[in-house]
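No value in this document is a laboratory result; all are computed from the given coordinates. Not measured: the values here are computed from a predicted model. With ideal geometry, Cβ positions are generated from the backbone for all residues, glycine too; neighbour counts draw on all protein chains shown.
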Amino acid sequence: MRYDLLVMGNDQGAVAGAVAAAKLNLRVGLVVSDAGWQTGGAERLAWGFWREVVAEALAEWSETSATGADGRSTGASLETEFQRFRRQVTLTLEHEAEFQQLELEHFGIDVLVGQPEFTSPHEIVLRTGQGVRHVTAERFLLATGARSGVPAKFGVNGRNILDVTDLPKLSVVPRSVIVVGGGQSGLESARYLARFGAQVTIVDGSQPLPDGRGRSADGLRELAEECRRLGVRWELGADVLALEPMADGQVGLQLETGRRICGEVVVCATGWVGNTAGLNLPAAGISPDDRGRIWCDADGQTWARHISATGAVVGHPAAARYRAGEGTRVVCQALRSLIDSRSLVAG
């Protein structure tokens, strides 16, 4: 089976990129792993969709809800507001998943479910429950996303020590939260929880907070300022040495400065590891960094000229991990030469 474009993964930008290519009358396939996709609904969407919807919904919520100067609710109880907000986010995600499915069907995009592995620059083997398939493509778009890279010492348990990707499952706002990590996902997590009444402390070993470049830096500064308005506290310049359960059910964090702080819940936002294990990217001409991420130019082009990347799997430039519409933009850039060459042949 041969495609003009094979999109690998279901991170943000994957379906949009596939649709953009299909609109150019190209044969497009979308490769997704077994996990999550078969269940349908919002569960098939990557965590990046949740964080994007939450960011947009928080902006709208602040405009339509009664809030004080610090951005917190002054009308209905914070718990009631939180439950309404969660329902709104869930509904939005369900609509997004349904819309994606309709687009895939409408534009005739093949969905291939299985575990892919490159065997050569233009060929993958796809391992499915029914066996192995060989698939070739002229171009590839990597949108496999990333998973949270939390060190084992944090002892994530899904109850009071959370991975940042556990936030969608949080059904009640804790009274006090410690967010470990002051990057984009850490700041967004702090804003989300503080907005609905949690007393949040951000712990980060950097002094000052980690910064980005260009628009990425501007976005981080705006997030940090919003967190300050919401009353978020800061413990900067001190790494976490250990986490210890307390007798009262809280979690204690021992910092390298000697200070000890406690919180009802700890959220770990300590960076990301690209979902590239098992893809055998060197066979395609790409070497991920030590965190499994792909490095690209400003147009999403990797070192291999026939492969582009978008979403959380991108290690550099950082802004490409969060820009809306990035998948469509990257695909259009990548396919320009392909379309031009076919036009010349047709002419």
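Could you give me the ³J(HN,Hα) list for region 177-191, computed from phi with Karplus coefficients 6.51, -1.76, 1.60 and θ = phi - 60°, whole Hz, x at Gly and Pro?
In residue order, the calculated couplings are 9, 10, 9, 9, x, x, x, 4, 5, x, 5, 5, 5, 4, 4 Hz.
Distance between the C-alpha centers of region 222-257 and region 127-155? Whole Å please.
33
Given points 7 Å out from each Cα along the Cα-Cβ axis, report the residue 136 to residue 206 separation in nanometres with one decimal.
It is 4.5 nm.
Between residue 88 and residue 229, what length comes free when the chain is fully extended (0.36 nm per residue of separation minus the Cα-Cα distance, one decimal in nm)?
Taking 0.36 nm per residue and subtracting the Cα distance, the gain is 48.3 nm.
State the antiparallel share, in %, of DSSP beta bridges confined to region 150-270, rounding to the nearest 5.
Counting only bridges with both partners in region 150-270, antiparallel ones make up about 35 percent.
What list of ³J(HN,Hα) values in whole Hz, one per residue of region 125-137 in order, does the Karplus curve 6.51 cos²θ - 1.76 cosθ + 1.60 (θ = phi - 60°) give from phi, with Gly and Pro shown as x?
Taking θ as phi minus 60°, the curve returns 9, 10, 8, 10, x, 9, x, 10, 10, 9, 10, 10, 8 Hz for region 125-137.
Starting at the first residue of region 152-168, write each ³J(HN,Hα) from the Karplus equation 6.51 cos²θ - 1.76 cosθ + 1.60 with θ = phi - 60°, in whole Hz, x for Gly and Pro.
4, 4, 6, x, 4, 10, x, 10, 10, 10, 10, 6, 4, 6, 7, 4, x
What residues have an amide H closer than 5 Å to that of residue 202, excluding those fewer than 5 places away on the same chain, when H is modeled at 1.01 Å from N in the peptide plane?
Amide H neighbours of residue 202, under 5 Å, 5+ apart: 179, 233, 234, 235.
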